[in-house]
Amino acid sequence: MNFYFAPMESITMYPLRNIHKDMFSGSVSKYYSPFVTAVKSKHFKNREKNDLLPVHNKPFFEEQDSSLVVQIMSGNSETFLWAAKEIAQLGYKELNLNLGCPASTVVNRHKGAGLLADPDYLDSMLSDIFEAKENTPELKDIDISLKTRLGITDESESARLMEIYAKYPITELTVHARVKDDFYKNAPRLDAFCNSIKRYRECGGKAPICYNGNIFSKKDYENTLSFMEKEGVADEVSSMMLGRGILENPALARELTGGETLSATELKDYLTSLYAGYEEYIPEDRNVIFKLLEHWAFIHTHFENCDKYLKAIRKARSKGEYLAAVRNIFASCNFI
Ligand SMILES: Cc1cc2nc3c(=O)[nH]c(=O)nc-3n(C[C@H](O)[C@H](O)[C@H](O)COP(=O)(O)O)c2cc1C
């Protein structure tokens, strides 16, 4: 099984990706950038451009490593193809279309999961993309993969979606086993996931399949896999994408492949490296700390009875206060 680091808006930016790759090398076979939005005016935001510059992604570019996948948010083939060409020129080899973002600002613009509401339109968009890809020298050798949910409100919508996906030479299909209306809540719909994979194969879909949803521990992984085994689809699933689980435990992929569990020293080093990484591109201590708090929202689960110490981390407004509060939590709380 391969493990992927999921795209997570504003979190999985280059400092995190580079540091994670450096510290937990080998456990994750693909990292996904958060989505970049392909807009009609054909420009990327500075933040998006910065995140993709090869100079900021040296661990991937220096090793000629194509394991960094760029995700594109687009509601039509024209802007997708423009963005794809721009990103391909930077040297990326795989582009991923976002068909899962449930935010209403995105869905209302018929992007992300919004595209799942009109399968005929999605079909014609994909048809245009793949036809143009063949006739565009810059895109000919680029891999295009999809990350989808099972539907908007009802998982039965996935039958038609799978029929559509099976028509195109996508290089991988990641299925987040939820519908848009689930947002990130509820247990993943494993049954519907398995049915959708069967359907995709019945329709002739050849792409490797990646599962996504609620893998936080080895137990989650084993339970999910055994469910798939019972349904006869385990052999079809070659990858699992880890989102919140790998934010909570950066060693998760290593643990799932039978390696060591995360140590307190490793987590401390990881947090120290993240501070240094964010400090390079975010002005003011306060803002660096806010960025780190996005990690603490997940990482706090490693500390028992630590409310007082976590509060101090949240209240820190200078680098000194923050680092002292982090030292305290590691020194005073049980690490689990
Ligand atoms: C804060 C946050 C930001 C996210 N941003 C993106 C994104 O940019 N693109 C995307 O396809 N999914 C995004 N997702 C969804 C995740 O990639 C993943 O599909 C979802 O969290 C389910 O996996 P998990 O249960 O392992 O977390 C985001 C999720 C979270 C929690």
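Between Asp141 and Ser124, the distance separating the two model label sites (each 7 Å from Cα on the Cα→Cβ line) works out to 3.4 nm.
Here the contact order of the stretch 229-336, divided by its residue count and restricted to Cα pairs under 8 Å and six or more residues apart, works out to 23 percent. Per atom type, the stretch 264-332 shows carbon and sulfur on 49% of its accessible surface, probed at 1.4 Å.
Computed with a 1.4 Å probe over protein heavy atoms only, the accessible surface of the chain comes to 44 Å² per residue. For Gly151, the residues 5 or more places off, or on other chains, whose built amide H falls under 5 Å of its own are Lys180. Gain on full extension, evaluated as 0.36 nm per residue between Ser332 and Ala264 minus their Cα-Cα distance, stands at 23.3 nm.
Only protein heavy atoms count here; under a 1.4 Å probe, Glu9 has an accessible surface of about 110 Å². Cysteines of the chain lacking any other cysteine Cβ under 4.7 Å from their own Cβ: Cys101, Cys194, Cys203, Cys210. Charged neighbours of Met73, selected by a Cβ distance under 11 Å, balance to +1 (K, R count +1; D, E count -1).
With 10 Å bins beginning at zero, the pair-distance distribution over Cα atoms of the chain amounts to 5, 25, 33, 25, 10, 2, 0 %. Loop-located trypsin sites (Lys or Arg not before Pro) in the stretch 5-45 (DSSP state other than H, G, I, E, B) with a sparse environment of at most 12 neighbouring Cβ atoms within 10 Å: Lys40, Lys42, Lys45.
Spatial offset of the stretch 49-105 relative to the stretch 273-291 amounts to 24 Å, using the alpha carbon center of each.
When Arg189, Arg327 are compared by accessible area of protein heavy atoms, the largest-first order is Arg327, Arg189, using a 1.4 Å probe.
The values are calculated or read from the model by the stated rules, or taken from the named source; none is laboratory data. Computed from a predicted structure; not experimentally measured. Cβ coordinates were reconstructed from backbone atoms using ideal geometry, including for glycine residues, and neighbour counts include every protein chain displayed. Accessible surface areas use protein heavy atoms only, side chains included; no ligands, DNA or RNA. Shrake-Rupley method; radii C 1.70, N 1.55, O 1.52, S 1.80 Å.
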